[in-house]
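The values are calculated or read from the model by the stated rules, or taken from the named source; none is laboratory data. Treat the numbers as computed from the prediction; the structure is a model and nothing was measured. For neighbour counting, all protein chains shown are included, and Cβ atoms are generated from backbone atoms with ideal geometry for every residue, glycine included.
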Amino acid sequence: MIIKPKVRGFICITAHPEGCAANIQEQIDYVKSQGAIEDGPKKVLVIGSSTGYGLSARVAAAFGSNASTVGVFYERPSSNGRTASAGWYNSVAFEEKAKAAGLYAKSVNGDAFSDSIKEEVIEILKKDVGPVDLVVYSLAAPRREHPKTGAIHKSTLKPLGDAFVGPTLDTDKDTIKEVTLEPATQQDIDDTVAVMGGEDWEMWMNALEENELLAEGCRSVAFSYIGPKVTWPIYWNGTIGRAKADLDATAKRIDAMLKVKRGSAFVSVNKAVVTQASSAIPVVPLYISILFKVMKEKGLHEGCIEQLYRLYASQMYNGNAIDFDEDGRARIDDWEMKPEIQEAVAELWETATNENFQEISDYAGYKSEFLKLFGFGYDCVDYDAETEPERDFS
């Protein structure tokens, strides 16, 4: 079939297998161009490994450090003439390229919140890999069925206290529109913390420890975002922010557990990038579009793979020590949060209108990056050619 992008709001309902493979190859080429990560991880578990930062964490470990990797994700294979999800194609392509390079790679598709998937991963590690020296936690899910209570928790994007009214981008119509978000209830907060907080990360780490699958010196990292004040009402000071605060608290508990093994756990605050998750957050697409313009002009722009390689190579490994902030977080959003970057972004933000926002921002770059998430827009791919949508793990 010939596969073209079909965009509905903040999601593309089609994905291109060759385009997703090009995405993986592009990330691999970047890592190889930067050089090997000395003393990098060798046995890595990535929970949430199919897109965004989790995918790049897996690529950087494998091709920067020759690591054996196990990736966990929840993606849709192709069926009945429908394409698979981008994350499925990404993971198939990654596994193919890793194995071609002589690297161990195993992918597990299922609900990472469930006990059954944890048990499946534990059996794979026992059989094939042994104790891991890096655990990356990068889940971004809209809902969670709690494995102990059976309760269904759904995360929400809501402010605390007062309703939020502000500008966001309608990417279907290429316009700025005003969005209103009603304040969260306590149930909204509790549910969002249950989905996006640290409980599941801690469950994974406890399960691995109980099965003697955390190596001496093991490290674990979870990803977070803080961002500028313009996004705080619906992010850092909203339901998501409460979940991220819970993630911070969890990191301290896991860190204490790993210190017994001379290891550590921490939260890495990453830069704003175009991901399926960030595209769904009001205000953020407009902010990212302006941010991209400013950072590209300053020569400081990074995507997921550049961020993850820098985290590994300049902070976690190569004989370096992590430069933690006062709250114990690694900050690889440091270039984004430079005062001169944020001042330039704020100045443009105040002037944005429907008439000028495409000129004062990198909206074209934002849309291009969005389509690339689904495998579209790569020059090396012929999008008018027939392709086979069914791809599976070998």
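Structure notes:
- Check on K338, touching an Asp or Glu at 6+ places or on another chain (Cβ under 7 Å), surrounded by fewer than 22 Cβ atoms within 10 Å (Cβ to Cβ) and modelled with pLDDT of 95 or more: no
- Considered as a group, the residues in region 255-268 that are outside any loop (DSSP other than H, G, I, E, B) and over 18 Å from the mean Cα position of the chain (by Cα) include one that is farthest from V132 (Cα to Cα), and that residue is A256.
- Lone unmet requirement of (1) surrounded by fewer than 17 Cβ atoms within 10 Å (Cβ to Cβ); (2) part of a strand (DSSP E or B) for K252: (2)
- Residue match in region 328-345 (condition: farther than 29 Å from L134 by Cβ, of a type in the set (G, A, S), in contact (Cβ under 8 Å) with a residue 24 or more places away in the chain and assigned to a helix (DSSP H, G or I)): yes
- In the set (1) among the β-branched types (V, I, T); (2) modelled with pLDDT under 95; (3) farther than 15 Å from A140 by Cα, T250 fails one condition alone, (2).
- Subset of region 350-385 [outside any loop (DSSP other than H, G, I, E, B) and in contact (Cβ under 8 Å) with a residue 24 or more places away in the chain]: F357, Q358, I360, Y363, G365, Y366, K367, E369, F370, L371, K372
- Filter pass, E388 being without any contact (Cβ under 8 Å) to a residue 40 or more places away in the chain and either among the charged types (D, E, K, R) or part of a loop (DSSP other than H, G, I, E, B) (or both): no
- Some residue of region 232-243 being surrounded by fewer than 22 Cβ atoms within 10 Å (Cβ to Cβ), part of a helix (DSSP H, G or I) and touching a Lys or Arg at 6+ places or on another chain (Cβ under 7 Å): no
- Of all the numbered requirements in (1) out of contact with any Ser or Thr (no Cβ under 6 Å at 6 or more places or on another chain); (2) of a type in the set (S, T, Y); (3) touching a residue at least 60 places away in the same chain (Cβ under 8 Å), S33 misses one, and that requirement is (3).
- Strands (runs of 3 or more DSSP E) within region 124-203 that include 2 or more residues in contact with a strand residue (DSSP E or B) (Cβ under 8 Å, 6 or more places away or on another chain), farther than 27 Å from M316 by Cβ and at pLDDT 95 or above: 143-145, 152-154
- Any hit, region 20-42, residues being farther than 30 Å from N320 by Cβ and surrounded by fewer than 24 Cβ atoms within 10 Å (Cβ to Cβ): yes
For every residue, the table says whether it meets (1) surrounded by 18 or more Cβ atoms within 10 Å (Cβ to Cβ); (2) under 27 Å from G166 (Cβ atoms); (3) at pLDDT 95 or above; (4) in contact with a Ser or Thr (Cβ under 7 Å, 6 or more places away or on another chain).
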| residue | (1), (2), (3), (4) |
| --- | --- |
| Y317 | yes, no, yes, no |
| A321 | no, no, no, no |
| A330 | yes, no, yes, yes |
| E343 | no, yes, yes, no |
| E350 | no, yes, no, no |
| S361 | yes, yes, yes, yes |
| G377 | yes, no, yes, yes |
| D382 | no, no, yes, no |
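- Criterion applied to G197, G161, G150 was being within 20 Å of the chain's Cα centre (by Cα) and more than 25 Å from V7 (Cβ to Cβ), and the one residue passing it is G197.
- Region 295-320, residues that are outside any loop (DSSP other than H, G, I, E, B) and touching a residue at least 40 places away in the same chain (Cβ under 8 Å): M295, K296, C304, I305, E306, Q307, L308, Y309, L311, Y312, A313, M316
- Among (1) under 20 Å from the mean Cα position of the chain (by Cα); (2) surrounded by fewer than 24 Cβ atoms within 10 Å (Cβ to Cβ); (3) of a type in the set (S, T, N, Q) - the single one N66 does not satisfy: (1)
- Test: residue in region 131-146 that is within 15 Å of V283 (Cβ to Cβ), crowded, with 21+ Cβ neighbours inside 10 Å and not β-branched (V, I, T): no
- Contacts under 6 angstrom Cβ, first residue in region 115-130 being under 16 Å from A215 (Cα atoms), partner of a type in the set (S, T, Y) and surrounded by 12 or more Cβ atoms within 10 Å (Cβ to Cβ), 6 or more apart: V129/S68
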